[in-house]
Amino acid sequence: MKAELLYGACLAADMPAPRTRIDATHSDDVVLENVQVHYALFEVPMAAALACLPVSLHPAVPAHLGLTFWRCDGGPLGAFECAWIGLACRTGIKPRHLVHAAFVDRADVGDWLARRYGFDCRVADVHYRETYDRLQGRIVIDGQVLLDTVTTRMQPVVGAGASVKYSPALNATRVGDAALMVQMETAYAFKRVIRGTPQLPVYDAAALGNAQLVATFPMSGTHAVVDITLLPPRFTADFAVPAESGGAKKIAR
């Protein structure tokens, strides 16, 4: 029996129009040292995932959301905290997270992330901390808590394989005159990793960009201290044409 491939059901014409535009001339690497990264995964209903993904992308199985927090205490961009929420998917066989909400505590860093990778960031109070018994990330706008995630029962991940596999962010943006998806290009050097069980005391799905995507079952939560190299974007993905049919292309420079 021939395997049936699952694709998203959202037509390109029904996708929200991108509000950012990348600068494809960027060719420099930017290194951020000792960044604290929190990465938590939660299942969502498959029907909701299929309804929200464009027809060029495959859903992850099980369908799930990824919550990513970065806390950077200094470096080329200065100190900042940011977070984004993405729906797990695949371009061909490669795992990605299609971002539907992004937040940052400094507007100038948000502008840089928009030009570099197409993130459409809202300025918010983004707060991520590791304490002795938990990891906690919060997103607050005008006093309203949009998201509060807590990870507990942490255990260290040690040895040669002490790392986390982060699915790259995929943003809807404009490259020249074309509306496309652009993937965030990063390299990680891990210094410390712990893993635990995540919870979502607060998750305002509508305020976080998509009322259909309600997080349900917790999958995993990790904290890592890493040196992150931000590489220039290299690939675009089409909203209508799958990667395996030629919809993924290198960015011309």
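The values are calculated or read from the model by the stated rules, or taken from the named source; none is laboratory data. Quick caveat, the model's predicted, so the values are computed rather than measured. Neighbour counts are summed over all protein chains in view; Cβ atoms, including those assigned to glycine, are modelled from backbone coordinates with ideal geometry.
Candidates are the residues of the stretch 163-177 that are within 12 Å of the chain's Cα centre (by Cα) and in a loop (DSSP other than H, G, I, E, B); the one that is farthest from Leu41 (Cα to Cα) is Pro168. Checking Glu81 against (1) farther than 26 Å from Ala179 by Cα; (2) crowded, with 22+ Cβ neighbours inside 10 Å; (3) touching a residue at least 60 places away in the same chain (Cβ under 8 Å): exactly one of these is not met. Which one? Glu81 satisfies every listed condition except (3).
For the stretch 121-128, the criterion of being buried (at least 24 other Cβ atoms within 10 Å of the Cβ), more than 30 Å from Ala243 (Cβ to Cβ), aliphatic (A, V, I, L, M) and out of contact with any helix residue (DSSP H, G or I) (no Cβ under 6 Å at 6 or more places or on another chain) is met by at least one residue.
When the criteria are applied in full, Arg71 meets the requirement of being touching a residue at least 12 places away in the same chain (Cβ under 8 Å) and in contact with a Phe, Trp or Tyr (Cβ under 7 Å, 6 or more places away or on another chain). For the stretch 169-184, taking the residues that are touching a strand residue (DSSP E or B) at 6+ places or on another chain (Cβ under 9 Å) and surrounded by fewer than 19 Cβ atoms within 10 Å (Cβ to Cβ), the one that is modelled with the lowest pLDDT is identified as Gly176.
Condition (residue is under 22 Å from Gly247 (Cβ atoms) and touching a Leu at 6+ places or on another chain (Cβ under 8 Å)) applied to the stretch 79-87: is it met by at least one residue? Checked the stretch 79-87: at least one residue is under 22 Å from Gly247 (Cβ atoms) and touching a Leu at 6+ places or on another chain (Cβ under 8 Å).
Restricting attention to the stretch 1-47, the residues being more than 21 Å from the chain's Cα centre (by Cα) and closer than 21 Å to Ser167 by Cβ number 2.
Under the condition of being outside any strand (DSSP E or B) and either within 15 Å of Gly86 (Cβ to Cβ) or over 18 Å from the mean Cα position of the chain (by Cα) (or both), the residues counted in the stretch 178-213 number 7.
Take the stretch 137-163 and flag every residue that is crowded, with 17+ Cβ neighbours inside 10 Å and either among the acidic types (Asp, Glu) or closer than 16 Å to Val225 by Cβ (or both). Of everything in the stretch 137-163, those that are crowded, with 17+ Cβ neighbours inside 10 Å and either among the acidic types (Asp, Glu) or closer than 16 Å to Val225 by Cβ (or both) turn out to be Gly137, Asp148, Thr151, Met154, Val157. In the stretch 109-131, the qualifying residues are those that are of a type in the set (Phe, Trp, Tyr) and part of a helix (DSSP H, G or I), and the one that is farthest from Met15 (Cα to Cα) is Trp112.
Restricted to the stretch 48-63, and to residues there that are assigned to a loop (DSSP other than H, G, I, E, B) and within 16 Å of the chain's Cα centre (by Cα), the residue that is surrounded by the most Cβ atoms within 10 Å (Cβ to Cβ) is Leu57. For the stretch 89-108, the candidate set comprises residues that are within 17 Å of Val123 (Cβ to Cβ) and part of a strand (DSSP E or B); within that set, the residue that is farthest from the chain's Cα centre (by Cα) is Val104.
Of all residues being aromatic (Phe, Trp, Tyr) and more than 24 Å from Leu200 (Cβ to Cβ) in the stretch 214-253, which is surrounded by the fewest Cβ atoms within 10 Å (Cβ to Cβ)? Just the residue, please. Among those that are aromatic (Phe, Trp, Tyr) and more than 24 Å from Leu200 (Cβ to Cβ), it is Phe235.
Would you mention how many residues in the stretch 9-35 are farther than 26 Å from Phe69 by Cβ and touching a Cys at 6+ places or on another chain (Cβ under 9 Å)? Counting residues in the stretch 9-35 that are farther than 26 Å from Phe69 by Cβ and touching a Cys at 6+ places or on another chain (Cβ under 9 Å) gives 2.
How about the stretch 17-47: which of its residues are among the β-branched types (Val, Ile, Thr), over 25 Å from Tyr203 (Cα atoms) and assigned to a strand (DSSP E or B)?
The first filter runs over the stretch 17-47 and keeps only residues among the β-branched types (Val, Ile, Thr), leaving 20, 22, 25, 30-31, 35, 37, 44.
Then keep just the ones that are over 25 Å from Tyr203 (Cα atoms); that gives 20, 22, 25, 30-31.
Passing the criteria: Val30, Val31.
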